[in-house]
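The values are calculated or read from the model by the stated rules, or taken from the named source; none is laboratory data. Owing to the predicted nature of the structure, the values given are computational and were not obtained by experimental measurement. Ideal geometry is used to build each Cβ from the backbone, glycine not excepted, and the neighbour counts take in all protein chains shown. SASA here: full protein model, heavy atoms, side chains in, ligands and nucleic acids out. Shrake-Rupley method; radii C 1.70, N 1.55, O 1.52, S 1.80 Å.
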Amino acid sequence: MRYLALTLLWANCCYVWQTRAEFFTSIGQMTDLIFTEKDLVKSLKEYITAEETKLTAIKSWAEKLDELTHTSTSDPEGYLGHPVNAYKLMKRLNTEWLKLESLVLQHTSDGFIANLSVQRQHFPTDEDESGAAKALMRLQDTYKLDSDSISKGMLPGVQHHLVSLTVEDCFELGKVAYNDGDYYHTILWMEQTLKQLEEGESGGVTKADTLDYLSYSVYQMGDLRRAIELTKQLIATDPMHLRAKANLHYYNDLLREEKPEDQSKDKKSSASQTESGIYARPDSYLPERDAYEALCRGEGIKMTPRRQKRLFCRYHNNNHPRLLIAPIKEEDEWDSPHIVRYHEVLSDAEIERIKEIAKPRLARATVRDPKTGVLTVANYRVSKSAWLDDDEDPVVHRVNQRIADITGLEVETAELLQVANYGVGGQYEPHFDFSRRPFDRNLATDGNRLATYLNYKDEQDAFRELGTGNRLATFLNYMSDVPSGGATVFPDFGAAIYPKKRTAVFWYNLFRSGEGDYRTRHAACPVLVGSKWVSNKWIHERGQEFKRPCGLTEVE
């Protein structure tokens, strides 16, 4: 492009000289060429100045990214373990690098552009950037984090990589929420944008644009008086804002139409909301959301000191020859239902090998639709997973054999070893591992769980085609430590099991009668800081007839 510009400039000069050749013998007539040349020199200087400005901007960008990539590549998982870093990486690759491409495309940078064009197919998409933004908001809700702390990168468990969100970042988070119809989070992040603007942070975001989103979102949340107040601020900031004037007229009409009792109620509600700065979070489809999120924060755990005294540690050999030689360390995590943790189940070398095999295959985790039985992607399960066959690597075979030795169960009918990685905000909301069968009211021993049972009475038997029966038990390997978040929680009875590398937890999903133990509804809490790696083995009923015989009662 630069050569093209110079060529056009030279062609323009030639054109002027050729068309003005008849004036060369006339000084008076040649004076026009003097001014033409002056204009050309001026244009040339402007071109050089613009080129230098752009090169300076590119150089500054390269230096900033050089320092950033030096930090990120030194510890990739640790760096991406901070959700703000992960979000900014998505935003940078999806948005900011494309701006740089546009800047460079104005000049001759064929090699760079060719390389960027090739690499761009691997860049995050708008959907990825939006997903990272929503993950930040999910963390904000679950762990009750205020927007200012997130913006400053001050998260529980953060030891390094302290980063901050710019005013543009906060504004974009608010826009993502707004475009998703999530006015609750729009308000939180537009208020944070205003705060940073008022603190003097400069950027490409205006106060008027922020107030525009904020005022309408407040109206959508039902706070009419504050919406009017914010709209007036918007008009004061931008007197020519036509939509704001129309909105103000509409809001005032609505206010006049309110009944006296509604106005009194609205005043109290508006005052409390404005003082606290927090609006009611929208209801969730999860009946146990509050209990689930409280457990994720380490609150509401129901293991009393008296119950804790009944928990023990022991060496476990299961009367198996291999474990008689090298017994496994077993620790009680919960009494009823019985959940145990096994220590030193996997070595670091085995963990790295499993991750190495799984990484190229990781794909968005799916769940089985309870009505159709079809595997599908769901927003309530945010992770990537891969399935490893027993015979594809000696390490996988060894791990499967070890699970069989420890549990004393048959793994020939079990599912493949599933490896999962939970990144920024990665979670799996409360779910059952087993397939629910048609419900018999006579089996209900606790009336409080009746509604939960009935919600799943029409679910298809997801494992009928496998011919291996239901998921009898879950063996969950933790393959990484998680600085903050990522616990496995059981909302029904208030248990929280925290990830610890090289350990595994085990529980039965079914009673000995084959009926599902509905107490085992559990969740993988969002990862706040870090990268959570797990592998799990779902052990099925078939083949266990003599290894775990039926009990005398339905709930034994």
ARG314 vs. criteria open to solvent by 50 Å² or more (accessible area, probe 1.4 Å), free of Cβ contacts under 8 Å to residues at least 40 places away in the same chain and in a helix (DSSP H, G or I): no
Boolean, ARG519 is among the charged types (D, E, K, R) and in contact with a Leu (Cβ under 9 Å, 6 or more places away or on another chain): no
Subset of the stretch 323-350 (residues that are among the hydrophobic types (A, V, I, L, M, F, W, C) and in contact with an Asp or Glu (Cβ under 9 Å, 6 or more places away or on another chain)): LEU323, ILE328, ILE339, VAL340
Identity of the residue in the stretch 318-357, without any contact (Cβ under 8 Å) to a residue 24 or more places away in the chain and in contact with a strand residue (DSSP E or B) (Cβ under 7 Å, 6 or more places away or on another chain), that ends up farthest from SER531 (Cα to Cα): PRO327
Condition broken by MET303, with the remaining ones in (1) in a loop (DSSP other than H, G, I, E, B); (2) open to solvent by 40 Å² or more (accessible area, probe 1.4 Å); (3) at pLDDT below 95 satisfied: (2)
Enumerated helices (runs of 4 or more DSSP H) restricted to the stretch 152-245, each holding at least 1 residues that are closer than 30 Å to SER531 by Cβ: 167-179, 183-198
Flag if LEU416 is at pLDDT 95 or above, surrounded by fewer than 20 Cβ atoms within 10 Å (Cβ to Cβ) and in contact with a strand residue (DSSP E or B) (Cβ under 9 Å, 6 or more places away or on another chain): yes
Residue selected from the stretch 475-510 under the condition open to solvent by 10 Å² or more (accessible area, probe 1.4 Å) and in contact with a Cys (Cβ under 9 Å, 6 or more places away or on another chain), by the criterion farthest from GLY300 (Cα to Cα): GLY485
Residue that is most open to solvent (accessible area, probe 1.4 Å), among those in the stretch 511-524 that are in contact with an Asp or Glu (Cβ under 8 Å, 6 or more places away or on another chain) and in a loop (DSSP other than H, G, I, E, B): ARG512
